[in-house]
Each structure stands twice: as structure tokens, then as C-alpha cells.
1. For the range 149-156, state whether one or more residues are at pLDDT 90 or above and in the same structural domain as Ile111 (by TED's automatic domain parsing).
2. If you go through the range 214-231, how many residues are closer than 16 Å to Val202 by Cα, surrounded by fewer than 15 Cβ atoms within 10 Å (Cβ to Cβ) and in contact (Cβ under 8 Å) with a residue 24 or more places away in the chain?
3. I want to confirm something. Restricting to the range 232-263 and keeping residues that are among the hydroxyl-bearing types (Ser, Thr, Tyr) and free of Cβ contacts under 8 Å to residues at least 40 places away in the same chain, which single residue is surrounded by the fewest Cβ atoms within 10 Å (Cβ to Cβ)?
4. Please work out which residue is nearest to Gln192 (Cα to Cα), limiting yourself to the range 224-234 and to residues that are assigned to a loop (DSSP other than H, G, I, E, B) and not hydrophobic (A, V, I, L, M, F, W, C).
5. With respect to Phe268, is the statement that it is at pLDDT 90 or above, crowded, with 16+ Cβ neighbours inside 10 Å, hydrophobic (A, V, I, L, M, F, W, C) and not in a helix (DSSP H, G or I) true?
6. Considering only residues that are among the aliphatic types (A, V, I, L, M) and over 16 Å from the mean Cα position of the chain (by Cα), which ones fall in the range 54-112?
7. Would the range 197-220 turn up any residue that is touching a Pro at 6+ places or on another chain (Cβ under 7 Å), within 29 Å of His59 (Cβ to Cβ) and of a type in the set (Val, Ile, Thr)?
8. Show the residue pairs meeting these rules: Cβ distance below 7 Å; 6+ apart or different chains; first residue within the range 273-293 and in the same structural domain as Ile239 (by TED's automatic domain parsing); second residue at pLDDT below 85 and in a helix (DSSP H, G or I).
Amino acid sequence: MKYDHKMIDPYKNIAYGSTANEEFTLFAFEENKRYPIQVEMIGVTNPDKDYFIARKTPHYFVIEYVESGEGFLEVGGEKYNLSAGDVYILTPGIPHKYGASKKNPYRKIWINCFSGFLNEFLAIYGLADKVVFKNSGCKKYFDEMLKYALDNPYNEDNSVGISRILFSLFFDLCEKFKAFNGVSVVAKKTKQLLDGAIYRKVNIEKLAEEVNVSKSQLSREFKKYYNCSPYQYLMNKKITVAKQLILNTKMKVSEISDALCFSDEYNFSNTFKAKTGVSPLAFKKLEGKLSDN
């Protein structure tokens with residue numbers, strides 16, 4: 001399939017450049033099956049100097065491989081230059097923008113998918129803190145996914161086949177790009193669990209049981225390497241996500257509080273103010289004024 005024209009998003013959540021050179025397979029959504037990964041699309045973006053996509057509040061995972069040429073990616077306040085061999089993984093809820101180089105536009109293979117557990121999976125295997133994997137050597141997985149999509153566009157169990165390939169990709173990336181060099185196993189495992197718990201409640205005592213150490217040892221080891229307690233680390237992560245939700249969605253303060261599993265709106269607002277110096281509503285007004293100037 002191809003896009004017939006520049007796409008328009010009525011909710012103004014996504015902005016597109018040219019999409020004329022994209023080809024994709026659209027997968028049927030299997031509502032009656034609770035697969036851990038549900039594939040939406042797999043496709044190819046052929047070289048096009050006017051191509052870009054910007055999402056304010058993405059609802060799905062975007063996983064892409066640059067086959068040739070060059071491009072750019074902006075996410076989390078960072079800008080990355082992309083080139084042949086690079087893989088990048090974009091997670092739901094984090095605004096991003098990516099596009100082709102004007103002088104040497106890239107060709108890339110990509111997959112969009114929904115998952116309720118993939119954030120935690122990536123965190124546990126040390127992949128959550130890294131967005132771009134340079135010179136990944138992982139072309140074979142994307143070629144395999146693309147072939148599978150072309151061969152099985154109407155297979156009702158397509159998510160199973162694609163998931164098998166995706167997990168192979170993730171484990172390969174994990175082996176090639178091991179993080180946390182020099183960090184203790186306890187601190188590393190604790191951080192991985194916390195990174196996957198931004199949208200969940202966390203009990204530090206149960207966390208310590210999962211890591212198989214005492215609560216005091218867990219806190220001591222974690223602070224040694226990350227200069228804060230596990231609780232402080234998690235709160236910092238939650239507040240970072242809260243800022244993005246405040247600025248880029250129409251969610252109410254109470255809805256953001258619920259999404260991030262604070263005990264109530266009052267507790268969330270107090271924590272937010274303690275971390276930023278202003279209330280959630282004041283933060284939104286202040287950032288709005290700054291963006292207008």
C-alpha cells in the first residue's frame with residue numbers, strides 16, 4: 001500500500017512532511033487476542049528529502065532501521081544524526097520528530113506496534129536508556145519482518161510471527177550494547193525495574209525482595225552509583241513524564257496523577273511543586289508564555 005497524499009491528522013497530534021515514497025503493510029487489529037505485542041504497520045520509507053514525521057503524543061512503539069542515506073531524530077530534548085546501520089526505538093508518550101536529510105535522504109524499514117509490557121521489557125534488559133543504536137548490524141531482522149509482512153498480510157496470527165523476530169532483535173541489541181559498565185548487579189537491576197515502573201506503584205521492600213537483597217542494602221547500593229535513593233530516582237522519572245503530559249496533551253492534572261499512580265491529585269501536585277518549584281498548572285502557564293516569546 002501507499003499513501004495517496006499528505007496525511008492530515010484531525011486531532012493535530014501528528015504532523016507529516018511528504019509521504020509519497022512510503023510503502024507499508026497494514027495489519028488487521030486482533031481485538032479478541034491479547035498478544036503482548038500487537039503490530040499495526042510494517043513498511044519502507046524510500047528516499048525523499050521532504051519526508052518527516054512529528055508526533056506530540058505517540059500511542060505506540062516505533063522501531064526503525066536506517067538502511068542507507070542519512071536523517072535526523074529529535075526526542076527527549078536530544079537531537080541525533082542518523083546514518084546507515086542505525087536502529088532507533090521510540091516509546092509511547094514521549095514527543096518526537098524524525099526525518100530525512102535534504103542532501104542524502106535515507107531509506108529505512110520500520111514497524112509500529114502496540115504493547116502493554118514492552119516498556120518494562122526494554123528496561124529489564126538494559127535498553128530503556130538508549131534511543132539510538134549506532135551501526136547496529138541488525139538489518140537481517142528488519143528484512144525478515146518486512147518479508148513476513150509481505151508474505152502474511154492477512155494472517156490472523158501475524159503478531160506472533162513478528163514478535164518472534166522483534167525479540168531476537170532486542171536480545172541482539174542487548175548483547176551488542178550492554179549498558180551500566182562498572183555498576184553493581186544490584187544497582188543495575190534496581191534501575192531497570194524502576195525504569196519500567198513509571199506508570200505503576202512501586203513498593204521498595206518488594207523491589208528489594210525481587211533483587212534478593214535487604215531494603216537497606218538496595219538503597220545503599222543504588223545511591224552509591226546514581227547519587228539518589230530509588231524512591232527519588234523514580235519520582236524524578238515520573239515528574240519528567242508528567243511535564244511532557246502537561247505540555248503535550250489535554251489531560252487534566254487528576255488524570256496525569258492517576259496515570260502515574262500517585263495516591264491522589266494533592267500528593268502529585270505537592271511532589272511536582274517540590275521538584276520544579278511550581279504547581280502543574282503554573283508550570284503549564286509559564287511554559288506557554290515562554291513558547292510564545
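1. no
2. Residues meeting the conditions: 1.
3. Ranking the qualifying residues of the range 232-263, first place goes to Ser263.
4. Ranking the candidates gives Ser229 first.
5. no
6. In the first step, residues of the range 54-112 are kept if they are among the aliphatic types (A, V, I, L, M); the result is 54, 62-63, 66, 73, 75, 82, 84, 87, 89-90, 94, 100, 109, 111.
Answer for the range 54-112, where residues must be among the aliphatic types (A, V, I, L, M) and over 16 Å from the mean Cα position of the chain (by Cα): Val66, Leu82, Ala84, Ala100, Ile109.
7. Checking the range 197-220: not a single residue is touching a Pro at 6+ places or on another chain (Cβ under 7 Å), within 29 Å of His59 (Cβ to Cβ) and of a type in the set (Val, Ile, Thr).
8. Val278/Leu286
The values are calculated or read from the model by the stated rules, or taken from the named source; none is laboratory data. Since the model is a prediction, treat every value here as computed from it, not as a measurement. Cβ: placed from backbone, ideal geometry, glycine included. Neighbour counts: every protein chain shown.
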